[in-house]
1. Check Thr354, Thr341, Thr346 and return the single one that is outside any loop (DSSP other than H, G, I, E, B), open to solvent by 30 Å² or more (accessible area, probe 1.4 Å) and more than 22 Å from Trp446 (Cα to Cα).
2. Would you be able to say whether some residue in segment 248-267 is under 24 Å from Ser156 (Cβ atoms), open to solvent by less than 10 Å² (accessible area, probe 1.4 Å) and of a type in the set (A, V, I, L, M)?
3. Please give the number of the condition Ser163 fails out of (1) open to solvent by less than 30 Å² (accessible area, probe 1.4 Å); (2) under 19 Å from the mean Cα position of the chain (by Cα); (3) modelled with pLDDT of 90 or more.
4. Only residues that are closer than 24 Å to Asn283 by Cβ and crowded, with 20+ Cβ neighbours inside 10 Å: list them for segment 1-19, please.
5. Applying the selection to segment 361-370, what residues are over 15 Å from Leu419 (Cβ atoms) and either in contact with a His (Cβ under 6 Å, 6 or more places away or on another chain) or surrounded by 17 or more Cβ atoms within 10 Å (Cβ to Cβ) (or both)?
6. Restricted to segment 105-123, and to residues that are open to solvent by 50 Å² or more (accessible area, probe 1.4 Å), touching a residue at least 24 places away in the same chain (Cβ under 8 Å) and assigned to a helix (DSSP H, G or I), which residue is nearest to Glu38 (Cα to Cα)?
7. Give me the pairs: first residue in segment 309-326 and over 14 Å from Met1 (Cβ atoms), second residue of a type in the set (Ser, Thr, Tyr) and open to solvent by less than 20 Å² (accessible area, probe 1.4 Å), beta-carbon distance under 6 Å, and six or more apart or on different chains, which are they?
8. Among Asn310, Asn278, which is the only one that is over 17 Å from Phe377 (Cβ atoms) and either of a type in the set (A, V, I, L, M) or surrounded by fewer than 24 Cβ atoms within 10 Å (Cβ to Cβ) (or both)?
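The values are calculated or read from the model by the stated rules, or taken from the named source; none is laboratory data. Everything numeric in this text was worked out from a predicted model, so none of it was measured. Note: ideal-geometry Cβ built from the backbone for every residue, glycine included; neighbour counts use all protein chains shown. Heavy atoms of the whole protein, side chains included, go into the accessibility calculation; ligands, DNA and RNA do not. Shrake-Rupley method; radii C 1.70, N 1.55, O 1.52, S 1.80 Å.
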Amino acid sequence: MLFDNKALKKLIIPLVVEQLLVITVGFADTVMVASVGEAAVSAVSLVDAINILLINIFAALGTGGAVVAAQFIGQGSKDKAKYSAKQLILITALLSVIIMVIVIAFNVPLLHMVFGNVEVDVMKNAEIYFLFSAMSYPFIALYNSGAALFRAIGNSKISMINSAVMNVINIILNAIFIFVFRWGVFGAVLATLIARAVACIVILKMLSHRDNDVCVNDYLHWKFDFMYMKHWSFDFTYIKKILSIGVPSGLENGMFQLGKILVQSLIATFGTYSIAANAVSNNLAQMQIIPGMAMSLAMVTVVGQCVGANDYKQAKYYVKKLLKITYLSMAGLIVVLIIATPSILTFYSLSKETTDLAYQCIFLHAIIAALIWPTSFTFPNALRAANDAKFTMIVSAASMLIFRLCFSYVLGQYMNLGLIGVWIAMFIDWGVRCIFFIWRYFSGKWMNRQLV
């Protein structure tokens, strides 16, 4: 077996800790920003819908690189794994800088086009938050790619440590900038920018160590000295492999987040109470799925290496095992969080109307997430790791647009269910995904599609 229980624990536990750190800091961020006012927390919520869209595109590139590297490692081709890692860093740096420049140039028009109906105070805060968020895109993109490469070789401890460093810096600077300097939304986004820059530098430095199974070096030669460009030339054979996973995953994540942005623009018409309640609900809902998000990352490494070794019997074994762990761990965590939710909500300093609405959304999410979230989101990473990313892209994008987006308007606007209707539409989307992904798995069409 490629992964015994000890190896799985070594991979999974740091991933869970890493996701816990991310969500905890997200919770702390929201609480700190909420102290500035509901206009501030609403602005951060709206902009983060766009930020997550772009960051998920970067993460999709990292997933593509991780799948390629994991399959090469499973195949026993470590030199090719190292070379593919270098190509991943190249393409990530180029695309992230291009996107950063575009967003900075069209900051205000983009926000007014998507969220033009929000209150003046909300829009003013959103413009500040969006501008400085864009400056951090190359840092978070390169960090995600570096972390994905370490996870591909089963060393998730490195990404956990770096995540801890980034999040500790973020939360400390948040407290200083918001409570001491009184910089409000600007303080929150500045803390994020600095934390991402530090994490990026650290993980790229760690990735350059030659004793890693995948390592990347010659950063300076590529960046400044064109005489040595041969060390960092684009190899489209490898980039094509990365993009064959990264592009479908990026389009899938892009369509998914685009749908969420359109839904967010609908929620914006429900008023500041709904925007704030949705922001808080999303934050707490993320806590409920921490084990599922960690297992999603583990699926790429484990199944990717099994597929690289052309051992589909082990791939099936680990898919079932990781899904079982996901369901059990999520169920246990959800029970604890539902009991604690009323107390947690008091930290946000929100109005009674906002708090009550948020609790309803969180409670509904807990029930449905325990039943179908792992099959909707953790499970398809097994298909992606087997080079079946196009199928997951088509299903996810179609389900988002047809079911979540359309039903959000039907239930939320036309049936006057408001924010609750939007969340019910989200659950319908999850159910549709489950049906198609389970069918694909048992059909066997995801097998024998090796990428390397």
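1. On the way: Thr354 fails: open to solvent by 30 Å² or more (accessible area, probe 1.4 Å); Thr341 fails: open to solvent by 30 Å² or more (accessible area, probe 1.4 Å).
Selected residue: Thr346, the only one of Thr354, Thr341, Thr346 that is outside any loop (DSSP other than H, G, I, E, B), open to solvent by 30 Å² or more (accessible area, probe 1.4 Å) and more than 22 Å from Trp446 (Cα to Cα).
2. There is no residue in segment 248-267 that is under 24 Å from Ser156 (Cβ atoms), open to solvent by less than 10 Å² (accessible area, probe 1.4 Å) and of a type in the set (A, V, I, L, M).
3. For Ser163, the exception is condition (3).
4. Ile12, Pro14, Leu15, Val16, Glu18, Gln19
5. The initial filter retains those residues of segment 361-370 that are over 15 Å from Leu419 (Cβ atoms), namely 366-370.
Selection gives Ala366, Ile368, Ala369, Ala370.
6. Step one: list which residues in segment 105-123 are open to solvent by 50 Å² or more (accessible area, probe 1.4 Å), which gives 105-106, 108-110, 112-113, 117, 119-121.
Subsequent filtering for residues that are touching a residue at least 24 places away in the same chain (Cβ under 8 Å) retains 110, 117, 119, 121.
Imposing the further condition that a residue be assigned to a helix (DSSP H, G or I) reduces the set to 110, 121.
On the way: Leu110: 22, Asp121: 10 Å.
Result: Asp121.
7. These pairs meet every condition: Thr326/Thr378.
8. Values: Asn278 fails: either of a type in the set (A, V, I, L, M) or surrounded by fewer than 24 Cβ atoms within 10 Å (Cβ to Cβ) (or both).
When all the criteria are applied, what remains is Asn310.
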